[in-house]
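Trainee: Once you've had a glance at the structure underneath, I'll fire off some questions.
The values are calculated or read from the model by the stated rules, or taken from the named source; none is laboratory data. Since we're looking at a predicted model, the values are computed, not measured. Reconstructed Cβ throughout: ideal geometry from the backbone, glycine too, with neighbour counts over all protein chains shown. Keep in mind that these areas ignore ligands, DNA and RNA; they rest on the heavy atoms of the full protein, side chains included. Shrake-Rupley method; radii C 1.70, N 1.55, O 1.52, S 1.80 Å.
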Amino acid sequence: MLWIRIKARLLLLYRVFLLKIGFKKSLLKNRYGEQILVFHGVDTVGDTDINSRFISKEYFERFIHYITSNYNVISLDDYYRKKFKKNTLNIALTFDDGYLNNYEYAIPILKKYKVPASFYITTIHKKSSFLWPDFLDLVSKYSTKKQVVFDGNVYTRNEKKEFTYKGVSLKNTLKTIPYEKIEEMYGVFEDDWKNITSKPLEEYWKLMSFEQLIAIAKDALFTVGSHAKTHANLVAIPLEAAKNEISESKQILEKTLGFPIKEFAFPFGYYTEELANYCLEIGYEKVLLVDYNKNEIEKNEAFKKRFVMNPYISFELQLVSLLKGSYF
Ligand SMILES: [Zn+2]
């Protein structure tokens, strides 16, 4: 078992080496593949310490320059129509969460290279300009509190700067409850949040405005879809509440943008077959997941898995992993 893992690792490093010395064509030999990529935030410096899913704008531009020069980058529409080229990697780009930094940093680069992309947006904007997981990450990192009380339980801050109760992090607790309960957490950290919003940390939490979203939606390069209403974990909350998140976010976006919303991406990539099918029933045509968890899901062409960018590895290893379709 161990030898197989070592062999796989060596092969990966060999491929990285081939890429580094300019033998990228040999990596693509007889290869015909496709991937939908998921990005989250793009910041000025690529500080994974503040947000573990963010990459820097320099890295982003280097990556876009590389994939447009070497692979076939297409729109999600063309991806669904299977307008693929042979002997290359066919890629469609997606962005989850609707950060302002997408608008400020990623979109100018996408426009410069004429690269299509799809953006998945929650409709929480009407109530707040941030998503609850980012709020919690930031207050946990910067808080001076050692303990907080949420829902009657005392959460203690550990050395990783996470608040935990009986070994379960506050984040994982919040991933099991509807947004109305999650909102109670905002009061617990009110002073910490005030402190954060007074710092130059906006690129780690601020969402796009609806006006900016309208501007994106008008651009022929881009499409906009739903990422549910509040970024709750749709699998853990009651079924009716989950269905409401899926349908009401569609209505709000349609009312705001003035055209039908046909794309949906599950928050955290968590879904059930029932919820995925519900998306199709109410008019979504493209449903984006992270992984398939059932064969029936894989057989339905409306459902597509995606490949999440990994900000913790080198540029070359990211490319090799992308070609391989996995990080292992
Ligand atoms: Zn998300």
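Trainee: Which condition number in (1) more than 20 Å from Phe39 (Cα to Cα); (2) within 16 Å of the ligand (Cβ to nearest atom); (3) of a type outside the set (D, E, K, R) is the one that Tyr165 fails?
Mentor: Failed condition: (2).
Trainee: Looking at (1) surrounded by 15 or more Cβ atoms within 10 Å (Cβ to Cβ); (2) more than 16 Å from the ligand (Cβ to nearest atom); (3) in the same structural domain as Glu183 (by TED's automatic domain parsing), which is the only condition Leu138 fails?
Mentor: Looking at each condition in turn, Leu138 falls short on (2).
Trainee: Sticking with this one: Specify which of the listed residues (Ile91, Ile124) is closer than 22 Å to Ile36 by Cβ and open to solvent by less than 20 Å² (accessible area, probe 1.4 Å). Talk me through it step by step, then tell me what you get.
Mentor: Details: Ile124 fails: closer than 22 Å to Ile36 by Cβ.
Only one candidate passes the filter, namely Ile91.
Trainee: Now for a different question. For Lys111, state whether it is modelled with pLDDT under 95, away from the ligand (no atom under 16 Å from the Cβ), over 27 Å from Lys229 (Cβ atoms) and open to solvent by 70 Å² or more (accessible area, probe 1.4 Å). It would help to see each step written out before you state the result.
Mentor: Values: modelled with pLDDT under 95: no; away from the ligand (no atom under 16 Å from the Cβ): yes; over 27 Å from Lys229 (Cβ atoms): yes; open to solvent by 70 Å² or more (accessible area, probe 1.4 Å): yes.
No, not satisfied.
Trainee: Could I ask something else about it? Do we find that Lys82 is on the phi > 0 side of the Ramachandran plot and at pLDDT 95 or above in this structure? So that I can check it myself, show each step before the final result.
Mentor: Details: on the phi > 0 side of the Ramachandran plot: yes; at pLDDT 95 or above: yes.
Answer is yes for this residue.
Trainee: Is it the case that region 121-128 has a residue that's in the same structural domain as Val287 (by TED's automatic domain parsing), within 30 Å of Asn72 (Cα to Cα) and within 16 Å of the ligand (Cβ to nearest atom)?
Mentor: Yes: region 121-128 contains one or more residues that are in the same structural domain as Val287 (by TED's automatic domain parsing), within 30 Å of Asn72 (Cα to Cα) and within 16 Å of the ligand (Cβ to nearest atom).
Trainee: I need every pair where a residue in region 57-79 that is farther than 15 Å from Lys111 by Cα has its Cβ under 6 Å from the Cβ of a residue that is surrounded by fewer than 19 Cβ atoms within 10 Å (Cβ to Cβ), sequence separation at least 6 or different chains.
Mentor: Hits for this filter: Tyr59/Gly46; Tyr71/Thr88; Asn72/Lys85; Asn72/Thr88.
Trainee: Here's something else I'd like to know. Evaluate the following for Lys262: is it basic (Lys, Arg), modelled with pLDDT of 95 or more and open to solvent by 50 Å² or more (accessible area, probe 1.4 Å)? Working first, answer last.
Mentor: On the way: basic (Lys, Arg): yes; modelled with pLDDT of 95 or more: yes; open to solvent by 50 Å² or more (accessible area, probe 1.4 Å): yes.
So Lys262 fits the description; yes.
Trainee: When the residues of region 265-307 are narrowed to those that are surrounded by fewer than 19 Cβ atoms within 10 Å (Cβ to Cβ), β-branched (Val, Ile, Thr) and over 14 Å from Tyr120 (Cα atoms), which ends up farthest from the ligand (Cβ to nearest atom)?
Mentor: Out of the qualifying residues, it is Ile282.
Conditions (1) within 30 Å of Asn87 (Cβ to Cβ); (2) of a type outside the set (Phe, Trp, Tyr); (3) more than 17 Å from the chain's Cα centre (by Cα), marked per residue:
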site: Ala241; (1), (2), (3): no, yes, yes
site: Leu253; (1), (2), (3): no, yes, yes
site: Ile261; (1), (2), (3): no, yes, yes
site: Val287; (1), (2), (3): yes, yes, no
site: Pro311; (1), (2), (3): yes, yes, no
site: Ser314; (1), (2), (3): yes, yes, yes
